[in-house]
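Have a look at the structure below, then the notes.
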Amino acid sequence: MSNVNLAIGGRTFAIACANGEEAHVTELGAMIDAKVVESGVISQNETRMLLFAALMLADEVHDARAELSLAHSDQAQASAANDRLQARFDQIARRLESIAEDLEAQHLEDSTPTS
């Protein structure tokens, strides 16, 4: 275990973390501090200050999840549209092949000498 000191809202918090995670935890602490500063609740008590920061970060997570869900939905719709187009192209290709076969057969009949 390792310890990291996080400066959040002008206060210092000692946090334990796994070895090798110090930089990551410090970065997360900086994100929380930025939210505290952004919200303007630095003068509040620690609990209230951290609650506001947590709510703001939770709101960002919520928005990111909604965007991801929408992106997945859009991707599924695009995939379905691609499947429909592919099926239509396959149908057109089969029809063209049929027409080509008919034309070839007609050409052979026309070019066969009659006795």
For segment 51-66, the count of residues that are more than 17 Å from ASP33 (Cβ to Cβ) and hydrophobic (A, V, I, L, M, F, W, C) equals 3
**Message:** Taking the criterion of being in a helix (DSSP H, G or I), out of contact with any Leu (no Cβ under 9 Å at 6 or more places or on another chain) and among the aliphatic types (A, V, I, L, M), would at least one residue in segment 3-21 satisfy it?
**Reply:** no
Flagged in segment 11-51 as farther than 27 Å from MET1 by Cβ and surrounded by fewer than 11 Cβ atoms within 10 Å (Cβ to Cβ), in numbering order, are GLY40, SER43, ASN45
Flag if LEU70 is aliphatic (A, V, I, L, M) and surrounded by 10 or more Cβ atoms within 10 Å (Cβ to Cβ): yes
Note on segment 58-115: residues over 12 Å from the mean Cα position of the chain (by Cα) and polar (S, T, N, Q) are GLN77, SER79, ASN82, GLN86, GLN91, SER98, GLN106, SER111, THR112, THR114, SER115
In segment 52-63, is there at least one residue being touching a residue at least 24 places away in the same chain (Cβ under 8 Å) and either surrounded by 13 or more Cβ atoms within 10 Å (Cβ to Cβ) or outside any helix (DSSP H, G or I) (or both)? yes
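No value in this document is a laboratory result; all are computed from the given coordinates. The structure presented is a predicted model; accordingly, all values stated were derived computationally and were not measured. With ideal geometry, Cβ positions are generated from the backbone for all residues, glycine too; neighbour counts draw on all protein chains shown.
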